[in-house]
Amino acid sequence: MKLSNILKNGIIKDNPVLVQLVGLCSVLAVTTTMVNAFSMGMAVTAVLIGANVVISLLRNVIPSKIRIPAFIVVIATFVTIIQMFMQAFLPPIYEALGIFLPLIVVNCIILARAESFAYKNKVLPSVVDGLGNGLGYTLAVVALATIRELVGAGTLFAGTGLEINVFGDKFQPAAVFVAPAGAFIVLGLLIGVFNTMTKKKATN
Amino acid sequence: MKETIKLGIVLLLFTAIAGGVLAVSNNFTAPIIAERERQESLAAFYDMFKEADDFIDVDESLLEEIKANNQTIREAYEAKKGDETIGHAFKVVSTGFDGDITTVVGVNTDGTISGVKVVSHTETKGIGTRIEGEDFTSSFVGKATESELMPVASPSAENEVLLLSGATVSTKAVLVGVNGAREAFMNYFAN
């Protein structure tokens, strides 16, 4: 399979959030602001690439009978390292992501890519696969967070120096959109829109 | 049997290497994290004690004793202006609506609260996050530490602070921390 196809599969055809619907727990939780969503996307991407590389390198060493515990050890190690470095160098983001950062360990996107791709492929395709899925995840959560933040709080880029109060002070935000229920509503709509768009492309 | 042992050894190797890698990164990041947290509390302390020029840690054995009797206290400092002690600063942790809330509390030597600042929390955005706001934290300033602080909608008495309507749980959680600092001050530092 061509590398560009692997990348495209991760981002569009098999988008982990909008098509495969895996790892939704963190998707629903961290998408209250764009900045949180983007940071979580970057953390997931880093773990995906790192875990894919190591597992692909070790694919002939890991006995298939104990592959799942071996994968989990590799993934947990990467997540913990990222957690430590975020706490040291990006404390506001570390605080914002809270429990969902360590929970990347059990995010099924990462285990799924390890099991179905990295364990069976060479290093370079595995890197591209990790990158593709990571970007697919990031794009989906950032899109979701943008809508939720805009409608639910009336801001964009909240939490950074660039914060914009889009509708001015008179705007009464629909707080339900930053609440958990809003996450489900927006995610549902987003999946619908995304799949309609990609389906049209396929039939043309 | 033989295979089981072999698989066990492979897994042992994996975890041993992972442990080593983690130990190295922890060794590298732990001091940075500790230093940064210290700087953060110090910055908040200087805000509360405008006149202070230094903050020194209270005696370690005393801190241990305070911690043993008071679950909210994490750190305690003396605010110094030259050689004179002008107050005490505490870092407290309490359980909020969603996770821990870390608050720093300053108490003047005369037993009034010099300031309260919520330094970290994971409360609901737009609701519980109001505990960071000036409206809320300024309602603590100048209150007496003799009796337990109570949240009310329009505070006036010496022991009343602002209750944020809609964020009762978060408000009370901060109060648990502040009251912890208040007790520690009354029990160990008040003259």
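The values are calculated or read from the model by the stated rules, or taken from the named source; none is laboratory data. Given the structure is predicted, the values throughout are model-derived calculations rather than measurements. Glycine also receives a Cβ, built like all others from the backbone with ideal geometry; neighbour counts cover every protein chain displayed. With ligands, DNA and RNA removed, areas are computed over all heavy atoms of the protein, side chains included. Shrake-Rupley method; radii C 1.70, N 1.55, O 1.52, S 1.80 Å.
Tabulated data for the structure shown
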quantity	calculated
Anisotropy class of the protein assembly as shown from Cα gyration tensor, a/c 1.5 cut	oblate
Shielding score for B:120-128, defined as the mean number of other chain Cβ atoms within 10 Å	4
Inter-chain shielding of A:80-91 (mean C-beta neighbours from other protein chains, 10 Å cut-off)	5
Table column - 3J(HN,Hα) (Hz), region A:78-88, Karplus curve with 6.51, -1.76, 1.60, x for Gly and Pro	4, 4, 5, 4, 4, 4, 4, 5, 5, 5, 7
List of region B:8-22 residues, accessible area with partners at least 50 Å² below that of the chain alone (1.4 Å probe)	B:11, B:14, B:22
For residue A:15, distant residues with modelled amide H under 5 Å away	A:20
Highest-first arrangement of B:158-170, A:101-113, B:28-40, where packing means the average Cβ count within 10 Å	A:101-113, B:158-170, B:28-40
Sequence-distant residues sharing a close amide H with residue B:161 (under 5 Å, placed H)	B:150, B:152
Using θ = phi - 60° and Karplus 6.51 cos²θ - 1.76 cosθ + 1.60, couplings along region A:109-120 (whole Hz; Gly, Pro as x)	4, 6, 5, 5, 5, 4, 5, 8, 10, 4, 5, 10
Distant alpha-carbon pairs in chain A (separation over 23 angstrom), percent	47 percent
Gyration tensor (alpha-carbon) shape descriptor, region A:115-204, a/c threshold 1.5	prolate
Calculated from backbone phi, Karplus (6.51, -1.76, 1.60) coupling profile of region A:9-23 in Hz, x at Gly/Pro	4, x, 7, 10, 4, 10, 3, x, 8, 8, 10, 7, 6, 10, x
Pairs from A:122/B:6; A:122/A:199; B:91/B:143; B:67/B:125 whose Cα-Cα separation, in the structure shown, is over 29 Å	A:122/A:199; B:67/B:125
Structure-based [θ]222 nm, chain A - -39500 (n - 2.57) summed over DSSP H runs of at least 4, per residue, nearest 500	-21000 deg cm²/dmol
Reachable aspartates and glutamates from residue B:117, criterion Cα separation under 16 angstrom, eight or more residues apart if same chain	B:37, B:40, B:47, B:75, B:100, B:132, B:134, B:135
Extended-chain gain in nm, criterion 0.36 nm per residue less alpha-carbon gap, residue A:171 and residue A:198	6.3 nm
Percent accessible area from carbon and sulfur atoms, the protein assembly as shown, protein chains only, probe 1.4 Å	62 percent
Loss of accessible area when B meets A, both sides summed, Å² nearest 100, probe 1.4 Å	1900 Å²
Candidate aspartates and glutamates - alpha carbon under 15 Å from residue A:13, same-chain residues fewer than 8 apart omitted	A:129
